[in-house]
Amino acid sequence: MHSGAEALRTFLGEFTGGEVASERSSAVRGIERKGDELERTIVDRLNKVFLTPLDREDIYAISNKLESILDILEGIANRVELYAIEALTPEILAMADHLTVETAALADVVGSLESLKPARVSEAAQRLKAIESAVDRIYREGVARLFKTPGFPPLEVLKLKEILERLEEASDHCEDVTTLVEGIIIKHA
């Protein structure tokens, strides 16, 4: 999931408008496919293993939500490519930057499940929630700027607004995973 966010950020950072280098967007698609395979592996193992270190439904919920984040990231890359967007806004790039930091923090949160240490989860969760709040603020500013900028082509506004919405949705999903992990820690503490 973090690799997917990094690949998306690279793709968006190298975006020059109009024609998009498909090898950059295919990197995001490749990571998403690996995520699909990993989720299938997790589900297969959950169906075969009698005892798991955590509740089966918790493991499944986390893997499913992480895969959803990858789906959203792939969708963003696809939309940028398919919509023939002229130029990305600074807010889109800032949100992508924040999302790479947020997914790194999320990796810490999910990694903390191995030790089930509440302090480690709490610290990473606080970091992640602060980043998610910053992403929300940037999202609102980006949408406002799209609608306030005179002469901005209406079709381009719709395209860019959708990209902003998807980035914000990915960020929200990161927070959802954190909430799931916090719930697991509470159950096992």
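The values are calculated or read from the model by the stated rules, or taken from the named source; none is laboratory data. Since the structure is predicted, the reported quantities are computational estimates derived from the model, not experimental observations. Reconstructed Cβ throughout: ideal geometry from the backbone, glycine too, with neighbour counts over all protein chains shown.
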Selection count, the stretch 65-85, where residues are assigned to a helix (DSSP H, G or I) and either within 13 Å of the chain's Cα centre (by Cα) or among the hydroxyl-bearing types (Ser, Thr, Tyr) (or both):
13
Go through the stretch 114-141 and count every residue that is farther than 27 Å from MET95 by Cβ and either in contact (Cβ under 8 Å) with a residue 12 or more places away in the chain or not in a helix (DSSP H, G or I) (or both).
4
Is it the case that the stretch 82-105 has a residue that's on the phi > 0 side of the Ramachandran plot and of a type outside the set (Ser, Thr, Tyr)?
yes
Would you check which residues across the stretch 115-137 are at pLDDT below 80 and not aliphatic (A, V, I, L, M) and list them?
SER115, LYS117
List pairs: first in the stretch 10-34 and of a type in the set (Phe, Trp, Tyr), second modelled with pLDDT of 90 or more, Cβ under 6 Å, 6+ apart or cross-chain?
PHE11/ALA77; PHE15/LEU88
For residues in the stretch 142-152 being in a loop (DSSP other than H, G, I, E, B) and in contact with a helix residue (DSSP H, G or I) (Cβ under 9 Å, 6 or more places away or on another chain), which is farthest from ALA94 (Cα to Cα)?
PHE152
